[in-house]
Amino acid sequence: MKVDKKYKGLVTKKFNEFYLVELDKDESSEFNKKFLCKLKKSINFRNQFVFVGDEVIVYQIDLQSKRATIESLVQRNNLLERPSVANISNIYVICSVEEPQLNLSQVNKFLISAEQLGVEVSLVLTKCDLITEQKRLFLIDKFQKWGYQATTLNFNNPENLRKLLIELKGKKCSIFMGPSGVGKTTLLNMIIPGLDNITAPVSSKIKRGKNTTRNIELFSLSSKSYIVDTPGFNMQSFKIEIRELSNLYPEIYKQVVNEGIHCKFRNCLHVNDQGCQLNKNFERYTFYKEMIESSKSHYCLIQGD
Ligand SMILES: Nc1nc2c(ncn2[C@@H]2O[C@H](COP(=O)(O)OP(=O)(O)O)[C@@H](O)[C@H]2O)c(=O)[nH]1
Ligand SMILES: [Mg+2]
Ligand SMILES: [Zn+2]
């Protein structure tokens with residue numbers, strides 16, 4: 001039985017030339033929501049590919065076989081490159097406080113890499129069962145000064161996890177990012193019961209976990225809320241325009257936006273510039289300055305792991 005109508009849907013999984021599309025719940029409440037789709041043959045998506053997270057218009061809907069065809073792509077808000085996921089609303093940078101040990105330079109790189117997408121960025125610290133309460137409070141205070149309200153998780157205390165889950169259910173599409181071995185898969189398994197992805201014990205020799213997660217898939221947390229399950233990609237090296245860098249540090253852009261500081265020159269890099277008004281008394285300023293000073297021409301290169 002074919003339905004002679006078009007519907008909007010969300011690509012929740014992609015494999016070879018197939019796309020799993022979940023139809024918009026408001027529009028299509030009368031039938032089962034997931035359809036296996038292919039792209040319309042004649043369509044030229046202006047050389048754009050369709051990715052997990054993309055909104056699409058489907059037609060030729062067959063209720064029996066649960067098949068349909070993707071007719072067109074709805075304009076996307078953003079596209080993350082690695083992993084390729086469209087329309088992310090929130091990035092959660094996940095780092096462990098121990099095993100592997102917290103590395104501030106690495107946390108900094110993950111945060112600015114996340115900030116590049118221009119969405120809301122949050123920080124989660126895992127394995128807080130391995131540190132003292134005093135150390136945990138110290139870290140919360142440190143990252144508060146970096147501009148982030150860190151969520152701290154503890155294996156033995158589900159309270160903060162419960163709060164995080166409520167928060168995630170209010171976000172459109174969240175993704176976890178962070179080094180391997182920090183507990184991203186463990187967290188997803190706790191958030192999505194029945195998911196049961198394989199977690200990898202941290203190798204005792206190198207104190208780093210192995211990547212064991214495989215496909216990219218969106219999981220529904222509530223009617224309009226999703227979370228991305230990804231293979232824990234390592235961070236790639238990336239380039240940032242030096243003029244962009246100050247927009248990726250809350251300590252800097254808040255001074256500009258909230259406090260309205262005015263440096264003498266509009267394109268001030270806030271390093272040795274004449275008439276610079278930036279208050280440089282914050283912990284990450286050294287990271288910022290190093291990036292600017294080590295940059296060749298107009299770009300700074302951030303080395304991956
Ligand atoms: N002590 C402790 N270990 C954890 C916690 N969360 C995860 N782990 C362990 O860390 C290891 C790596 O976890 P995994 O989820 O595979 O990390 P991923 O690489 O980020 O996906 C596993 O052995 C987990 O059991 C935690 O809160 N406390
Ligand atoms: Mg994993
Ligand atoms: Zn300045």
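Values for this structure:
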item: Descending Cα extents along the principal axes, the chain, whole Å; result: 69, 48, 34
item: ASN16-GLU290 pseudo-label distance in nm [points 7 Å out on the Cα-to-Cβ vector]; result: 4.7
item: Partner lysines for LYS13 [C-alpha distance under 21 Å; skip if fewer than 8 residues away on the same chain]; result: LYS25, LYS33, LYS34, LYS38, LYS40, LYS41, LYS66, LYS169, LYS171, LYS172, LYS184, LYS224
item: Förster radius 35 Å - calculated FRET efficiency between ILE57 and LYS254 (Cβ-Cβ, nearest 0.05); result: 0.30
item: Using a Förster distance of 51 Å, the FRET efficiency for LYS34-HIS298 (Cβ separation, nearest 0.05); result: 0.65
item: Angstrom value of the Kirkwood radius, inverse mean 1/r, which spans all Cα pairs in segment 238-302; result: 12.1
item: Compactness of segment 80-229 - radius of gyration and Dmax, Cα, Å; result: 14.6, 43
item: Formal net charge of residues neighbouring PHE176 (Cβ-Cβ distance under 9 Å; K, R +1; D, E -1); result: 0
item: Extension gain from SER65 to ASN157, taking 0.36 nm per residue of separation minus the Cα-Cα distance; result: 28.6 nm
item: Estimated 222 nm signal from helices in the chain, with DSSP H stretches of n ≥ 4 weighted -39500 (n - 2.57), rounded to 500; result: -6500 deg cm²/dmol
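Throughout, read-outs are computed from the coordinates displayed, never taken from laboratory work. The structure displayed is predicted, hence computed values, not measured ones. Quick reminder, even Gly has a Cβ in these numbers, built from the backbone with ideal geometry, and neighbours come from all protein chains shown.
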